Amino acid sequence: MLFRSQQKYAAPPAATSHALLEVLVARGYVVDTFKPEFGLINATHKLLDKNDDRISINTDISASVIAFEGGSQVQMSANARKVAHRKPGSRIAGALLGYEPSDYRTVVKDDSAVEDAAFYRDLLSAIDANLHGTEVPATAHTRRFSAALGRSMQAAADGLSQQGYSIVRTDEKLGLVIAARRVRTQSEKEDGWSASCIRATIYVKPVTATDSVLFASAS
């Protein structure tokens, strides 16, 4: 993996990994994989084109948090993909030709590395602010609860399950809940069907022994 930006912090790898998770989820990234034993985090942010909801820009981030003398170091790289989402096939055509219509198919129109230094500088500076700050800014992705970390995580997992999500992973040590939901819908007008696949990430940050802040993102 070729990392395009890096920064050192005067904090142990575990604390830096938590700060990185907070930054990503608070900004709408969903966590794809997180391997704390290797300090690796992969996350994706999907942004629909404001003029055409069949087009999206998907930003994939790969980050590594490693131990360094006196603290830790974050190495990061990102790719941006322009993706076109095609309509599903026809049920009638499928019956005639002997196949089942597929989900919305995606075609990658462009895939390029993110070279903008300001993009990385913004994320790395936010990690530093999380490591040194005490107040959590109120955003659409955050909510504070008068509950300890474990209770908030359990409530988040229960809430997702009640909404039809399958819990992919929970890790109280990381404060992380990853879930996915698949909803199939039929459309007589389009003479076909489609499946919406929603991925959600919950990150819970303890503030005190009895209070915590929940960060949520979905795509």
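Of the listed residues 205, 8, the order by accessible area with a 1.4 Å probe, largest first, is 8, 205.
Cross-linked pairs 8/109; 46/205; 8/173; 8/35; 109/173: Cα-Cα separations exceed 28 Å for 8/109; 109/173. Computed as a quarter of the hull surface, the mean projected area of the alpha carbon convex hull for the range 1-59 stands at 5.3 nm².
The values are calculated or read from the model by the stated rules, or taken from the named source; none is laboratory data. Computed from a prediction, not measured in an experiment: that's the story for all the values here. Calculation scope for accessible area: heavy atoms of the full protein, side chains included, ligands and nucleic acids excluded. Shrake-Rupley method; radii C 1.70, N 1.55, O 1.52, S 1.80 Å.
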